[in-house]
Amino acid sequence: MLLSRFGFFLSGLLCLASIMAFFFIGLNIGVDFKGGTVVTIRTVEAANIDQLRSTLGGLDLGDVELQEFGSPRDVLIRVEAQPGGDEAQQAAVTKLKAALGEDVEYRSVEVVGPKVSGELAQEGILAVVLAIFCVLFYIWFQFEWQFAVGAVVSMLHDVVLAVGLFCVIGLEFNLTIVAAILTILGYSLNDTVVVFDRIREFLRKYKSMPLADLIDFSINSVLPRTLLTSVTTLIALTSLYVFGGEVIRGFTLAMILGVLIGTYSSIFTAAPVLIILGTNREGAKELAKAKPVSP
């Protein structure tokens, strides 16, 4: 019970800090959501970023950002969305290539118009909201409404903390990160359902045990399984982050942060919500149809 209070207090502080980071720092919105052009090039020798910035800055293309992408020879160029739609975007790419010359190898060119970026942003938000609502009804159907509220609170907690961390570290927020968030929600939900199933089992088995003690007992009984799953997942993700290359590094970093947040929330956020809301022990007994999940 003491740890649950500590968990609620810590989660509240972290969520408040995440919301402040979102409003005062903001997300590093990628081209997928704000429109523009992303060009990845490889130079013959180590790229002179200052010289490239000076060259491209005189093209009158608005805000142009350059950064090393992996090796010193690889450069990532971001150009803001051009007024005039897709034709203006393509014209900007042509002007960019003419300025860089033929000695540059073009690894990738991505152009996203303002209209497309707006649709992608709406669809990304809709995907996350629909996922949360589907989880609400699924948990409500399988358990009780108190369990559903606990699961949704845990998922909202995960999303808020993840977005806050993305703001702080400056991770580019694009469609890949939205996919990572949805994956994080699924991973966190899996841990939460395992804990809830064990609580439901013990509600039938220990009818006179105080609810707070029963929840602590349930969490402790599945804790080895939860930690082992998280550790093995983190080992795989860390390997991908180190050796997987620059293309999937953002997605992998988002997943690493999400696994840590999801493991924390399934222990300190989802189940302890039941202490506040309470639960119908007879209802839990009648609704229990599945076999208990082994630790």
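Some notes on this structure:
- Candidates I132, I139, filtered to the one that is at pLDDT below 85 and buried (at least 20 other Cβ atoms within 10 Å of the Cβ): I139
- Members of the stretch 98-112 that are in contact (Cβ under 8 Å) with a residue 24 or more places away in the chain, outside any strand (DSSP E or B) and of a type outside the set (V, I, T): A99, L100, D103
- Candidates L274, L260, filtered to the one that is modelled with pLDDT of 85 or more, assigned to a helix (DSSP H, G or I) and not charged (D, E, K, R): L260
- Pairing residues of the stretch 252-266 that are farther than 13 Å from V153 by Cα with residues that are buried (at least 24 other Cβ atoms within 10 Å of the Cβ) and of a type in the set (K, R), at Cβ distances under 9 Å and at least 6 apart in sequence or on separate chains, gives no pairs at all.
- Residue that is nearest to L171 (Cα to Cα), among those in the stretch 38-51 that are at pLDDT 80 or above and surrounded by 15 or more Cβ atoms within 10 Å (Cβ to Cβ): V38
For (1) small (G, A, S); (2) farther than 30 Å from G278 by Cβ; (3) over 13 Å from the mean Cα position of the chain (by Cα), each residue gets a yes or a no:
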residue: I132; (1), (2), (3): no, no, yes
residue: Q142; (1), (2), (3): no, no, yes
residue: V152; (1), (2), (3): no, no, yes
residue: M155; (1), (2), (3): no, no, no
residue: L161; (1), (2), (3): no, no, no
residue: C167; (1), (2), (3): no, yes, no
residue: F173; (1), (2), (3): no, yes, no
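- Some residue of the stretch 65-73 being more than 30 Å from S18 (Cβ to Cβ), modelled with pLDDT under 80 and either among the small types (G, A, S) or in the same structural domain as T269 (by TED's automatic domain parsing) (or both): yes
- Residue match in the stretch 26-39 (condition: more than 30 Å from L156 (Cβ to Cβ) and of a type outside the set (A, V, I, L, M, F, W, C)): yes
- Residues that are surrounded by 14 or more Cβ atoms within 10 Å (Cβ to Cβ) and at pLDDT 80 or above, drawn from the stretch 110-127: A127
- Hey, T55 surrounded by 13 or more Cβ atoms within 10 Å (Cβ to Cβ), over 28 Å from A179 (Cα atoms) and out of contact with any Ser or Thr (no Cβ under 7 Å at 6 or more places or on another chain) or not: yes
- Single residue of L16, L61, L56, L120 found to be more than 27 Å from the chain's Cα centre (by Cα) and either assigned by TED's automatic domain parsing to the domain that holds A179 or touching a residue at least 40 places away in the same chain (Cβ under 8 Å) (or both): L56
- Among the residues listed as S221, S239, the single one being among the small types (G, A, S), free of Cβ contacts under 8 Å to residues at least 24 places away in the same chain and in the same structural domain as I267 (by TED's automatic domain parsing): S239
The values are calculated or read from the model by the stated rules, or taken from the named source; none is laboratory data. Everything numeric in this text was worked out from a predicted model, so none of it was measured. Please note: Cβ atoms are built from the backbone with ideal geometry, for glycine as well, and neighbour counts cover all protein chains shown.
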